[in-house]
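Visitor: Dumping the structure here so I can ask a few things about it.
The values are calculated or read from the model by the stated rules, or taken from the named source; none is laboratory data. Being a predicted model, the structure only gives us computed values, none of them experimental. Quick reminder, even Gly has a Cβ in these numbers, built from the backbone with ideal geometry, and neighbours come from all protein chains shown. When the accessible area is computed, the model is the full protein with side chains, heavy atoms only, and any ligands, DNA or RNA have been set aside. Shrake-Rupley method; radii C 1.70, N 1.55, O 1.52, S 1.80 Å.
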Amino acid sequence: MEKGSGSPSVGGSYPQKNAEILSSQYGINLFLAGLLLTFAWAVHAVGISKSHLLSYLITLMLIQLLWMLWYLGRSCTQRRLIRDKDTHAGARWLKCGITLFAVITLILDSFKIGYYIDFSKCLSPTEGIFPVTHAVHTILQVYFLWCHAKDIIQSFKTLERFGVIHSVFTNLLLWTNGVLTESKHQLNEHKERLITLGFGNITIVLDDHAPQCNCTTTTLCSIFSQGIYYLYPFNIEYHILASTMLYVLWKNIGRKVEHHQQHKTPFKFHGITVGMIFGLVVLTSTIAIVVVYLIQIGRSKIKSELALTMFYLHAIFVLVLMCTAGIVALLIYRLEDRSLDNSKNPARKLDAELLVGTAAGSWLLSWGSILAIICAQAHPKYTWYNLPYSILVIIEKYIQNLFIIESIHREQEKVNDDIKTLRIVTISRGSTLSLTPSYKEIYNGRAAPESGEVPCLFKGSVCGRENDRGAKEETSQDKSSVMHSASDISFYSRNSVTNNKRRILKNIAAFLFLCNLSLWIPPAFGCRPEYDNGLEEIVFGFEPWIIVVNLAMPFSIFYRMHSAASLFEVNCKT
């Protein structure tokens, strides 16, 4: 196996690049095979059952478990060795986020186990083995990411590349399985609600995979079956976060890093009160809107139309606020003259690519809605609110992506050297702004206390000469002090303006963070006007539009969570 040492060369980099290409192709084929199996189960292909899909996923998880145990065991035996770390990867807040999602995923697995026990007579054993294996996989993977997400692997690189990329695509397949299962449930509910909006010409055929036997405990079965679908959004976010962290680990294998001091940027609530208050108002109102929407939609045609109108008006108001905040932040950046950090950073590059890539999902839905409104022959009143909503979704993501990507590429402000220089010069010139003397000035006996007397640390000729020159220098020092005090005031004035700009940017980042969390909640928990509007389904056809929504919606949901995570980082960095 290769050992990571020495400077990169053509002969040394070729095997690494070859291993990267081979491992990526292995992962892609692994994913495509699982994706095809998932699709075959979804469309009820002959000879393909859910047990085949679950068996494939269980096998992938067991292989990943073996690799993680091998890696952890090897790391324990080599724990005294100093390893390179990517300080930008695996931030603490990201680890805390994935831990929260993992805990809820474990609750989901326990519900699946309970569901299997109640329907054990007519369910395949794989449906009981899968949640158990998944729970063990989740616990070990979170531990692995907490301990080794920052690692830069320099030994056994070929083997590790295959192990990490296997883990990446295993999580992507588990994410795909969760998305499909949750989408099928949402689609069934959507088909049942369509008739209340007056779209009776759409044939409703439920795609049901319910077990063909009676439950042993009816109440528990109802709790498990309903609870599972409310927990799926967290399971979906867990797997996509895990795959991104593992992808960064894969990109870091064999990487040469420059050793430099990484400044820690802890999150602080101080100075972001305004942004937090407005953000919490948006979050609270969004939760209320979602609750009312889910209660009203599907009850009757009038109630469904009122629920859609209420959703669109609230979303338009929030999106306008977010666009305004993003424009203000970009204008502040234009007024500042700070260079961008263009150094190689896999984590930062992946963040930017995910922002633009996943935004394409909601852009696709928005353009579909715009075209449907333009081309439709009949326009119910509530559908007109969909037009400004769709346009604002496109604009808001465009502005927010610019703000986030520029923020994560801006060089972090360092302690200004002018402050240190100013302090020394001010003390040596006797400025009234000086607070404490420097070490060298005390040592050399030149520090002036507030009284203006020069302490003589050394007796004899040195103090004598200083006292003799005191009268001659007094006049020039007074003039210098006045001039320097003016420059000091100018410097602190500029520093105050910079602090005000930073405070505004932190409030904007905090506000956008909570707004993105707010906009993640509706689609994640079943509030999807793209389903319930009905206009797009008339223009494009029921099946084509449902396929578009099911493909684009997971990316749209992930975009909001990823944006919230990126904005949290921006807030810490600003």
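Visitor: For segment 534-549, name all the residues that are open to solvent by less than 40 Å² (accessible area, probe 1.4 Å) and within 20 Å of Ala42 (Cβ to Cβ).
Guide: Selection gives Glu537, Gly541, Phe542, Trp545, Ile546, Val549.
Visitor: Here is a list of conditions, (1) outside the structural domain of Asp109 (by the TED database); (2) modelled with pLDDT of 70 or more, and Gln226 meets all of them except one; can you say which number that is?
Guide: (1)
Visitor: Could you grab me the full set of residues in segment 518-574 that are more than 14 Å from Ala372 (Cα to Cα) and outside any helix (DSSP H, G or I)?
Guide: Within segment 518-574, Phe525, Gly526, Cys527, Arg528, Thr574 qualify.
Visitor: So which residues in segment 296-318 are within 30 Å of the chain's Cα centre (by Cα) and either of a type in the set (Phe, Trp, Tyr) or open to solvent by 60 Å² or more (accessible area, probe 1.4 Å) (or both), if there are any at all?
Guide: Phe311, Tyr312, Leu313, Phe317
Visitor: Could you check segment 285-333 and list, in sequence order, the residues that are assigned to a helix (DSSP H, G or I) and among the basic types (Lys, Arg)? Spell out the reasoning first.
Guide: Of the residues in segment 285-333, the ones assigned to a helix (DSSP H, G or I) are 285-296, 301-333.
Those that are assigned to a helix (DSSP H, G or I) and among the basic types (Lys, Arg): Lys301, Lys303.
Visitor: Can you list residue pairs whose Cβ atoms sit under 6 Å apart, with the first residue in segment 44-71 being over 16 Å from Leu32 (Cβ atoms) and the second being surrounded by 17 or more Cβ atoms within 10 Å (Cβ to Cβ) and aromatic (Phe, Trp, Tyr)? Count only pairs 6 or more apart in sequence or on different chains.
Guide: Final answer for the pair search is Lys50/Trp41; Leu54/Phe130; Ile58/Phe130; Met68/Phe144.
Visitor: Exactly one condition in (1) open to solvent by 50 Å² or more (accessible area, probe 1.4 Å); (2) in contact with a His (Cβ under 6 Å, 6 or more places away or on another chain) is false for Leu354; which is it?
Guide: Of (1) open to solvent by 50 Å² or more (accessible area, probe 1.4 Å); (2) in contact with a His (Cβ under 6 Å, 6 or more places away or on another chain), only one is false for Leu354: (1).
Visitor: While we're on this one: Against the conditions (1) modelled with pLDDT under 90; (2) part of a helix (DSSP H, G or I), where does Trp363 fall short? Just the number, please.
Guide: Going through the list (1) modelled with pLDDT under 90; (2) part of a helix (DSSP H, G or I), Trp363 breaks only (1).
Visitor: Pick from segment 512-533 the residues that are open to solvent by 20 Å² or more (accessible area, probe 1.4 Å) and among the aromatic types (Phe, Trp, Tyr): which of them is nearest to Met276 (Cα to Cα)?
Guide: In this case the residue turns out to be Phe513.
Visitor: Restricting to segment 200-223, and then to whatever is out of contact with any Gly (no Cβ under 7 Å at 6 or more places or on another chain) and in a helix (DSSP H, G or I), can you tell me which residue is modelled with the highest pLDDT?
Guide: Once the filter is applied, the top-ranked residue is Ile223.
Visitor: Follow-up question, since we're still on this one. Would you tally the residues in segment 21-36 being open to solvent by less than 40 Å² (accessible area, probe 1.4 Å) and farther than 11 Å from Thr176 by Cβ?
Guide: Number satisfying all stated conditions: 4.
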